[in-house]
Amino acid sequence: MKRIVILISGRGSNMEAIVQRCAEQGWPAQVVAVIANRPQAGGLAWAAAQGITTQVVDHQAYAARAAFDDAMAAAIDAHRPDLVVLAGFMRVLGAGFVQHYADRLLNIHPSLLPVFPGLHTHRRALQAGCKAVGATVHFVTPELDHGPIVMQSVVPVRPGDDEHKLAARVLDTEHVIYPQAARWFVEGKLKVAGGIVTQSDHASQILI
Ligand code: GRF
């Protein structure tokens, strides 16, 4: 069984989706820990109620970013993960941390990367007049919101949409593509070559 550790900062709806699909679909994996950088992260209670080990590594307790990264890595490594999943984890992680988990660290970002890395993606998409938005699951590299793309979802922009409506529709798709990407990873079906991710069954890597 592959071991998955999930990092959250907030409500953890993507974490919930992954935990549920993992159990329902009988992945060759289990979520062995959920770790938050904020004690008030809403998803901790849900994870604990499922019997999953939860932990907090509070970033406010560390003056230096590197010290936080080291403490977080120590907490993660105690669970011997094959895969580390960032699910609404809102701290930038240093290059050393990212390197330590190279090729086994996934993130989801609510835009069609490489456009709109960073915050307020839906607002920026609306301001730019985009006709479609979406979400991207990618392997994490030291550059923020970059890295080889595993799967994307595409959501049309409708007349009257505001950033909250868009965010809600995109989030529904995140709950599909993130579990799918994690499942492929633990099944050993993802290959990365030259920065391009392929799926060994030639399954579609886009949800429209
Ligand atoms: C999601 O929109 C994700 O793409 C972004 O942060 C949000 C997290 O939501 N990185 P949740 O905590 O998984 O509910």
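The values are calculated or read from the model by the stated rules, or taken from the named source; none is laboratory data. Given the structure is predicted, the values throughout are model-derived calculations rather than measurements. We place every Cβ from the backbone using ideal geometry, glycine too, and count neighbours over all the protein chains shown. For accessibility, only protein heavy atoms count, side chains too; no ligands or nucleic acids. Shrake-Rupley method; radii C 1.70, N 1.55, O 1.52, S 1.80 Å.
Odds and ends about this structure:
Residues are listed down the side, and each one gets a yes or a no for (1) open to solvent by 40 Å² or more (accessible area, probe 1.4 Å); (2) in contact with a Pro (Cβ under 9 Å, 6 or more places away or on another chain); (3) under 23 Å from Ser13 (Cα atoms):
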| site | (1), (2), (3) |
| --- | --- |
| Ile52 | no, no, yes |
| Gln55 | yes, no, yes |
| Tyr62 | yes, no, no |
| Asp82 | yes, no, yes |
| Ala95 | yes, yes, no |
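- Counting the residues of segment 23-41 that are open to solvent by 10 Å² or more (accessible area, probe 1.4 Å) and within 15 Å of the ligand (Cβ to nearest atom) gives 3.
- Residue-level check: of (1) more than 16 Å from the ligand (Cβ to nearest atom); (2) part of a strand (DSSP E or B); (3) open to solvent by less than 50 Å² (accessible area, probe 1.4 Å); (4) not aromatic (Phe, Trp, Tyr), Ala75 misses just (2).
- Failed condition for Thr54, given (1) in contact (Cβ under 8 Å) with a residue 24 or more places away in the chain; (2) within 16 Å of the ligand (Cβ to nearest atom): (1)
- Output for segment 109-135, where each listed residue is more than 13 Å from the ligand (Cβ to nearest atom) and over 17 Å from Arg169 (Cα atoms): Pro114, Val115, Gln127, Ala128, Gly129
- Gln99 vs. criteria open to solvent by 20 Å² or more (accessible area, probe 1.4 Å), in a strand (DSSP E or B) and either within 16 Å of the ligand (Cβ to nearest atom) or not aromatic (Phe, Trp, Tyr) (or both): no
- The residues of segment 181-198 that are in contact (Cβ under 8 Å) with a residue 40 or more places away in the chain and of a type outside the set (Phe, Trp, Tyr), listed by number, are Ala181, Ala182, Arg183, Val186, Glu187, Leu190, Val192, Gly195, Ile196, Val197.
- Subset tally (residues that are open to solvent by less than 20 Å² (accessible area, probe 1.4 Å), of a type outside the set (A, V, I, L, M, F, W, C), more than 6 Å from the ligand (Cβ to nearest atom) and assigned to a helix (DSSP H, G or I)) for segment 5-20: 0
- Within segment 109-145, considering residues that are open to solvent by less than 40 Å² (accessible area, probe 1.4 Å), in a loop (DSSP other than H, G, I, E, B) and small (Gly, Ala, Ser), the one farthest from Gln180 (Cα to Cα): Gly129
- Residues within segment 45-60 that are touching a helix residue (DSSP H, G or I) at 6+ places or on another chain (Cβ under 8 Å) and aliphatic (A, V, I, L, M), tallied: 4
- Candidates Leu86, Leu166, Leu106 - the one that is closer than 21 Å to Ser204 by Cα, within 12 Å of the ligand (Cβ to nearest atom) and buried (at least 16 other Cβ atoms within 10 Å of the Cβ): Leu106
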